[in-house]
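Since the structure comes first, as structure tokens, the remarks are kept for the end.
Where a number appears in this text, it was derived from the coordinates with a stated rule and is not lab data. Fair warning: this is a prediction, and the values are worked out from it, not measured in the lab. As a convention, Cβ positions derive from the backbone with ideal geometry for all residues, glycine included, and neighbour counts pool all protein chains shown.
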Protein chains: 2
Amino acid sequence: MVHARLFTMDGPGVGFIPDGAVAISGSRIAAVGRTADMRRDYDAAEIVDCRGDIVLPGLIDAHMHTGIALLRGIAQDMDHWMQLGIWPFRRHLTSEMAVAGSLVNIIEAMQAGTTTFGDYNSNMKQLLPHYQRLGARARVAEMIHSLPPQQGALQPGQLYPLDDTVGSALLEKNIQLYERWQGADDGRFSVLFGPQGPDLLGPELLQDVYAAARQRQAMVHMHVAQGDREILQMQLRYGKRSIAYLDSHGLLGPELLAVHLTEANTNEVKLLAKRGVSLVYCPGSIGIIDGLVPPVTEFLGYGGKAALGSDQLPGNNCSNMWNEMKLAALFNKIKHSDPKVLPAWKVLRMATVDGAAALGLGGEVGSLVPGKYADIIRVDAQATALSPILDESLRNIVPNLVYSLRGHEVHWMMIHGSVVMAERRLLHVDAAAAVAAAQKKAEEMASKAHQEGDLDASPLKRWTEQGFL
Amino acid sequence: MVHARLFTMDGPGVGFIPDGAVAISGSRIAAVGRTADMRRDYDAAEIVDCRGDIVLPGLIDAHMHTGIALLRGIAQDMDHWMQLGIWPFRRHLTSEMAVAGSLVNIIEAMQAGTTTFGDYNSNMKQLLPHYQRLGARARVAEMIHSLPPQQGALQPGQLYPLDDTVGSALLEKNIQLYERWQGADDGRFSVLFGPQGPDLLGPELLQDVYAAARQRQAMVHMHVAQGDREILQMQLRYGKRSIAYLDSHGLLGPELLAVHLTEANTNEVKLLAKRGVSLVYCPGSIGIIDGLVPPVTEFLGYGGKAALGSDQLPGNNCSNMWNEMKLAALFNKIKHSDPKVLPAWKVLRMATVDGAAALGLGGEVGSLVPGKYADIIRVDAQATALSPILDESLRNIVPNLVYSLRGHEVHWMMIHGSVVMAERRLLHVDAAAAVAAAQKKAEEMASKAHQEGDLDASPLKRWTEQGFL
């Protein structure tokens, strides 16, 4: 790849090379430098001319639940998102529905430049064939919880019933997922352990999950302090807030990828950073679901490592890392009433090199340096959203990527050394067919929820009837 | 237009018609209803099949400065946006540069569904040929201020020099603009009067501007309480805050379209609503420039009418009404820590029917009802960002339009009864050529700013040198 405006994301900033080139050998980057030097030093079998392109590492979406994508748009602008918004549909979501929705979600994210997916679902193994087929990188976890099946809708304020035989079986599934997928497809897949939250399984089982992870040197991907709902459960059940509880059980360490931290206070955030815990910050979903901004700047200020995540489609409602970058920067400027907070270059790092480090993939992806996997995107620098490009003396590209790009300007994508998107089309899937298949499944789901009267609890049904939706 | 999922935006909600049709005669809407009824009652010369489309009124961007589009990406993540970010470039912005940048800005906005432009610039008349050529609707104002030319960069904290002979000449330009363009092109163009802010011209001249507007039954488009910079100027010069000053001069009334209100307090907002003033809320630009959320929900709570605006590209950094809608909803949920604040349907109304009313175009555009102009957009309902579509019992389309759409899903646009975009391409302009022309002008501008050392005050130059941009 030659003649690119190249943002390698190497070093402390964005690692810009004005007329840059990347040499790729197999799945990995062999060399990076100025086009003139690289043309002199390397003899390429194939040369991709990137004139007119901005070239970046593929984007990292560190926390997603693609299995519930079919629920997009049914739980925003309301209180009790999970209980009143999600559950009426989710109880009708079959395995086939989850699979059909997930494919559209992954396609949507790839269309906007995501190459690495931190997917986290029930029955995760059923979604992995999507990633195989599409050629994407996935770092996945089974969602482990001890909620008994068929318990009916959860009610706000009610202590959940927990049955750790349920959770133990899910831990076993996570172990099997690890055995089958860790390092699979030449290292494109890796597996973490996924307790759904400290409130959703018992303390012994949570220790078992950590033991299984530690034994395999795997990370633990867990929602932590994700909302007042969780904190209430923890206080009712254990008399402690989530982070104090985890610390008292020795469960805060570099193996933990803590997601959200919506309810974490300053002391808790400081403790997490001190313990080497990583964070996934999901601005869009927490903004819509809770109207809140988690303490990500405080966490970064204490030296913590943070990635960004699009979370899930019933709250957000999209998987597009340009959206997350812009929201991350703007929400935190607003939270602190200060336009200097989380500048564009910093959130671009969170979606690339810093995100990779937080996700435990710092040695593999996130920047364009020799030895890392070749996960690369090309952005059309002639897009109206990026006009004009200023290069001389003061460069305006990074702010415009973060604050102006919409996602469809990504026209080409390579993952693991293979081209998976060209001219804005994913090469290994028929996107229209995937949308049509998901549509059919969604209608089945909605029809069941409707017939069984489950939607009566959702305010969105009332708003629909009143003509507001 | 038949077989559409039609959101007319008529009535108090979104005016949904499931298998809807719109009959158009000349520049106006003749009838709206169910396809079956309309096919029976009307005999159309041409029928557009909108199966697979979501059909909406064209979007209204009520406040823009397209003349400074060439400055995109040079003033964010910093303090003193105007003085340290904008001025070093703006003093080199020639008329030709402004014209070239504006065209790209208008194209970008139209590509995402904007049909009505509230453009507000110095030397506005030079930009109107763009709107004529592109077929868009424009409601414009000359920017009237009394800042003497060649005064050098404004310094933070310094009282501006004001010379009302400068402002008087600009008022004269605004009057000429009105005479030439008010009602032009069969009513597609209209003209307001545009004092730049209460701090930027003297009290007698501001009265003259209002008199000129009132005499012509035109509105006044003015920045009001747009930042602490303005409030400081007002207090230093008049010993009053902006809104008290305007009220004491009898300048708060239904003819005023007040932009921003960033610094307005609760009492001031209540007074504005009581006086019948309309508001343009610009979430993206104020979020980036100031890290603030103006009191829009309070204003709406007091019964005020509000539109949305994308403002300008050096702060925002894009003109895309889907972006403004999402940011408006999310910023205010966060400001009030409440996910119920500014629901999707409400911000969609702000970008359509309520925005039209605020802008004084309530009888002309903003909803699909007989008699209004035919400004209509079609959105591809098969886009991944909208998948799946739920119609039965609970409709998820509006939340997904607002929270998930990126803009390129708008594939067709009609303004004033004429098709101006089809298959995602604007019919009357070569977008690539416009981008190339703007690029050339931007390089001239940046080169001059660089050569004359003007960029030294911008932190972005330092960040570029340090490798962060």
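Translational diffusion coefficient of segment A:235-305 (Stokes-Einstein, Kirkwood radius from Cα pairs, 10 °C, 1.306 mPa s): 128 µm²/s. Within the same chain, lysines fewer than 8 places from A:Lys440 are excluded, and of the rest, those with a Cα less than 19 Å from its Cα are A:Lys448. What's the long-distance tail for segment A:59-358, i.e. % of Cα pairs beyond 35 Å? That tail contains 10 percent of the Cα-Cα pairs.
Of all DSSP-defined beta bridges confined to segment A:59-358, some 5% are antiparallel rather than parallel.
Distance between the C-alpha centres of segment A:9-39 and segment B:30-63: 52 Å, rounded to the whole angstrom.
Report, in cubic angstrom per residue, the convex hull volume of the C-alpha atoms of the protein assembly as shown. Don't jump to the answer; show the numbers that get you there.
Values: hull volume 139.6 nm³, N = 938.
Output value, Cα hull per residue: 149 Å³.
So in the protein assembly as shown, what percent of DSSP beta bridges are antiparallel if you round to the nearest 5? Given both bridge residues lie in the protein assembly as shown, the antiparallel proportion sits at roughly 45 percent.
Residue separation times 0.36 nm, minus the C-alpha to C-alpha distance between A:Ala433 and A:Leu147: what's the value?
Details: separation 286, 0.36 × 286 = 102.96 nm, distance 3.48 nm.
Computed gain between A:Ala433 and A:Leu147 is 99.5 nm.
Across the options B:Pro370, B:Phe16, B:Leu252, the greatest Cα extent toward the positive end of the charge dipole of chain B (unit charges at beta carbon of Lys, Arg, Asp, Glu) belongs to B:Phe16. Starting from the label point of B:Pro254 at 7 Å along Cα→Cβ, the same points in the other copies fall at 6.8 nm, in ascending order.
Per-peptide packing, taken as the mean over residues of other Cβ atoms within 10 Å, places A:217-229, A:165-177 in the sequence A:217-229, A:165-177 from highest down.
Mean residue ellipticity at 222 nm from the helices of the protein assembly as shown, using -39,500 (n - 2.57) per DSSP H segment of n ≥ 4 over the full residue count, to the nearest 500 deg cm²/dmol?
Mean residue ellipticity, 222 nm, calculated: -11000 deg cm²/dmol.
What is the Cα centroid distance between segment A:338-398 and segment B:105-130, reported in whole angstrom? Going from one Cα centre to the other spans 30 Å.
Here A:Lys125 is the anchor, and the aspartates and glutamates within straight C-alpha reach of less than 13 Å, apart from those fewer than 8 places off in the same chain, are A:Glu96, A:Glu142, A:Glu172, A:Glu179. Over all Cα atoms in segment B:101-226, the spread is summed up by Rg and Dmax: 15.3, 46 Å. Placing +1 on each Lys and Arg Cβ and -1 on each Asp and Glu Cβ, with no other charges, gives segment B:59-358 a dipole about its Cα centre of roughly 600 debye. Considering only A:Gly467, A:Ala437, A:Ala422, and ranking their Cα positions along the charge dipole of segment A:421-469 that arises from unit charges at the beta-carbon of Lys, Arg, Asp and Glu, the one farthest toward the positive end is A:Ala422. The C-alpha radius of gyration of segment A:327-386, expressed as a fraction of 2.2 N^0.38 Å, stands at 1.38. Taking A:Asp37 in one copy and the same position in all the others, each labelled 7 Å out along Cα→Cβ, what are the pairwise distances from the first, in nm, shortest first? Once sorted, the set of distances for A:Asp37 reads 7.1 nm.
Please report how far the C-alpha centroid of segment A:400-469 lies from that of segment B:170-220, rounded to the nearest whole angstrom. Value for the Cα centre distance between the two parts: 46 Å. Taking the longest Cα principal axis of chain B as reference, the axis of helix B:228-238 is set at about 50 degrees.
From the alpha carbon gyration tensor of segment B:52-113, can you work out the equivalent ellipsoid semi-axes (sqrt of 5 times each eigenvalue) and give them in Å, largest to smallest? Walk me through the numbers on the way to the answer.
Numbers: eigenvalues 162, 44, 15 Å².
Ellipsoid semi-axes (Å, largest first): 28, 15, 9.
Charge dipole (Cα centre; +1 on Lys/Arg Cβ, -1 on Asp/Glu Cβ; no other charges) of the protein assembly as shown amounts to roughly 260 debye. Within the shell defined by Cβ-Cβ distances under 11 Å, the residues around A:Ala381 carry a net charge of -1, with Lys and Arg each +1 and Asp and Glu each -1.
Cross-link list A:Lys270/B:Lys326; B:Lys270/B:Lys335; A:Lys346/B:Lys326: which exceed 28 angstrom alpha carbon to alpha carbon? Numbers along the way, then the final one.
Numbers: A:Lys270/B:Lys326 32 Å; B:Lys270/B:Lys335 19 Å; A:Lys346/B:Lys326 22 Å.
Too far apart for the 28 Å limit: A:Lys270/B:Lys326.
Think of the protein assembly as shown as a dipole: +1 on every Lys or Arg Cβ, -1 on every Asp or Glu Cβ, centred on the Cα centre; then among B:Gly309, A:Pro388, A:Ile107, B:Gly309 lies furthest on the positive end.
The packing ranking of peptides A:25-31, B:280-286, highest mean first, is B:280-286, A:25-31, where packing means the average number of other beta carbon atoms within 10 angstrom of each residue. Local charge sum around B:Met234 (other residues, Cβ-Cβ under 15 Å, Lys/Arg +1, Asp/Glu -1)? Residues close to B:Met234 contribute a combined charge of -2. Taking a Cβ cut-off of under 13 Å around B:His80, the surrounding Lys, Arg, Asp and Glu residues balance to a net charge of -3, with basic ones at +1 and acidic ones at -1.
Computed from the mean reciprocal separation of all distinct C-alpha pairs, what Kirkwood hydrodynamic radius does segment B:374-469 have, in Å? Spell out each step's value before the answer.
On the way: mean 1/r = 0.0568 Å⁻¹.
For segment B:374-469, inverting the mean 1/r across all distinct Cα pairs yields 17.6 Å.
Return the Rg/Rh ratio of segment B:1-158 with Cα-based radii and a Kirkwood Rh.
Taking Rh as the inverse mean 1/r over Cα pairs, Rg/Rh reads 1.14.
Scanning residues 5 or more positions from A:Asp53 or on other chains, those with amide H under 5 Å from its amide H are A:Arg5, A:Ala381, with H placed 1.01 Å from N in the peptide plane.
Once C-alpha pairs closer than 8 Å and six or more residues apart are averaged by separation and normalised to the residue number of chain B, the relative contact order reads 21 percent. Only aspartates and glutamates eight or more places from B:Lys274 in sequence, or on another chain, were considered; those with a Cα closer than 16 Å are B:Asp247, B:Glu255, B:Glu298. Given a cut-off of under 8 Å on Cα pairs at least six residues apart, what relative contact order in percent is computed for segment B:1-79? With pairs under 8 Å counted, the relative contact order is 32 percent.
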